[in-house]
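The values are calculated or read from the model by the stated rules, or taken from the named source; none is laboratory data. Being a predicted model, the structure only gives us computed values, none of them experimental. FYI the Cβ positions are ideal-geometry reconstructions off the backbone, even for glycines, and counts take in every protein chain you see. Side chains included, ligands, DNA and RNA excluded: accessible areas come from the protein's heavy atoms. Shrake-Rupley method; radii C 1.70, N 1.55, O 1.52, S 1.80 Å.
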Amino acid sequence: DQQVKQNSPSLSVQEGRISILNCDYTNSMFDYFLWYKKYPAEGPTFLISISSIKDKNEDGRFTVFLNKSAKHLSLHIVPSQPGDSAVYFCAARGAGNMLTFGGGTRLMVKP
Amino acid sequence: NAGVMQNPRHLVRRRGQEARLRCSPMKGHSHVYWYRQLPEEGLKFMVYLQKENIIDESGMPKERFSAEFPKEGPSILRIQQVVRGDSAAYFCASSPIGTPYNEQFFGPGTRLTVL
């Protein structure tokens, strides 16, 4: 039972364009959502988060949108840079502080 | 302020041996979480600990796996009698008390290979 899903295993974007990474969830009890970025052989690095009481949070080139009615969130990166190439995981917090992760989307930003 | 430290970074064990993975949380953090990432999959929650207490172990396999976070020293994830299916990357994360946002900070992981 996958409560958090990232349906696109990979995404390729041209440098300077917008990258949009999507994430869907099924558990309406999730109250906090996070995006992590992961390079090979490293741990996930926290990127940006959003509370369930908000629908948008912005930090520099990164914006996260939350649509509670659709149980959908997305991460926008604009403009995309080659250094953004990594695997991106969305995660959701439920009861007990544990995070439930999606399967990840590999982003490739081409120069 | 050093980040979350994990050691060893790579661990090779033969079937039936024990694996001990260590995690030192960030300074000032008293909450520790262990996650496992199987190849080509996302991270799966295993256990959540505070000092000397297991808060949530709902993601831990029922047998062979145990975790502790003693008053002094690092958190330890122990896997007894390892099998090939235990081969994975094991990540530890920590968070401070009272953060309203539960941002967990991850270590670099321990890659366990069972031969």
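Positive end of the charge dipole of chain A (Lys, Arg +1 and Asp, Glu -1 on Cβ, about the Cα centre): tell me which of A:F62, A:I50, A:M98 has its Cα farthest that way.
Positive-end residue among those listed: A:F62.
Please report the net charge: other residues with Cβ closer than 11 Å to the Cβ of A:S52, K and R +1, D and E -1. Kindly include the intermediate steps, with their values, before the conclusion.
Values: positive: A:K54, A:K68, A:K71, A:R93; negative: A:D31, A:D55.
With Lys, Arg at +1 and Asp, Glu at -1, the neighbours total +2.
Magnitude of the Cβ-charge dipole of region B:3-115, K/R +1 and D/E -1, about the Cα centre, nearest 20 debye?
I would put it at about 480 debye.
Which residue, B:P74, B:P25, B:P61, has the most motion in a Gaussian network model of chain B that connects Cα atoms within less than 10 Å?
Answer for the Gaussian network model of chain B: B:P61.
Nearest 20 debye, what's the magnitude of the dipole of chain A about its Cα centre given +1 on Lys and Arg Cβ and -1 on Asp and Glu Cβ?
Here the size comes out at about 100 debye.
Give me the percent of accessible area attributable to carbon and sulfur for chain B, probe 1.4 angstrom.
Details: 2850 of 5890 Å².
The value for chain B is 48 percent carbon and sulfur by accessible area.
Which one, B:I55, B:L115, B:L43, is farthest towards the positive end of the dipole of region B:27-115 when Lys and Arg carry +1 and Asp and Glu -1 on their Cβ?
B:L115
Per residue, how many Å² of accessible area does the protein assembly as shown show with a 1.4 Å probe?
Ligands and nucleic acids excluded, the figure is 50 Å² per residue.
To the nearest 100 Å², how much accessible surface do chains A and B hide from each other in total, with a 1.4 Å probe?
Details: alone 6160 and 6680 Å², together 11240 Å².
Buried surface at the A/B interface: approximately 1600 Å².
Could you work out the mean count of beta carbons from other protein chains within 10 Å of each residue's beta carbon in B:34-41?
2
When the accessible area of chain A is computed with all protein chains present and a 1.4 Å probe, what percentage of it is carbon and sulfur?
On the way: 2650 of 5350 Å².
C and S fraction of accessible area: 50 percent.
Rank B:S94, B:Q104, B:L77 by how far each Cα sits towards the positive end of the charge dipole of chain B (+1 on Lys, Arg Cβ; -1 on Asp, Glu Cβ) and give me just the farthest.
B:L77
Kirkwood Rh over alpha-carbon pairs of the protein assembly as shown, then Stokes-Einstein at 37 °C and 0.692 mPa s: what D in µm² s⁻¹, rounded to an integer? Each step should come with its number before you reach the end.
Numbers: Rh = 18.1 Å.
For these conditions, the coefficient is 182 µm²/s.
Specify the residue with the greatest mean-square fluctuation among A:S74, A:S28, A:S85, computed from a Gaussian network of chain A linking alpha-carbon atoms under 10 Å apart.
Result: A:S28 has the largest fluctuation of those listed.
Using only protein heavy atoms and a 1.4 Å probe, report how much of B:M5 is accessible, in Å² to the nearest 10.
110 Å²
Give me a comma-separated list of calculated 3J(HN,Hα) values for region A:92-105, in order, Karplus coefficients 6.51, -1.76, 1.60 applied at θ = phi - 60°, integers in Hz, x for any Gly or Pro.
Coupling constants for region A:92-105: 10, 9, x, 5, x, 6, 6, 9, 10, 9, x, x, x, 10 Hz.
So between B:I76 and B:E41, what do we pick up on full extension, going 0.36 nm a residue minus the alpha carbon distance? Walk me through the numbers before you get to the answer.
On the way: separation 35, 0.36 × 35 = 12.60 nm, distance 2.33 nm.
Going from the current span to full extension adds 10.3 nm.
Filter the cross-link list A:K38/B:K71; B:K44/B:K71; A:K37/A:K110; A:K71/A:K110; A:K5/B:K44; A:K37/A:K68 down to pairs whose alpha-carbon distance in this structure exceeds 19 Å.
The pairs that break the limit, which is 19 Å between Cα atoms, are A:K38/B:K71; B:K44/B:K71; A:K71/A:K110; A:K37/A:K68.
For region A:45-84 and region B:1-62, write down the distance between their C-alpha centroids in whole Å.
27 Å
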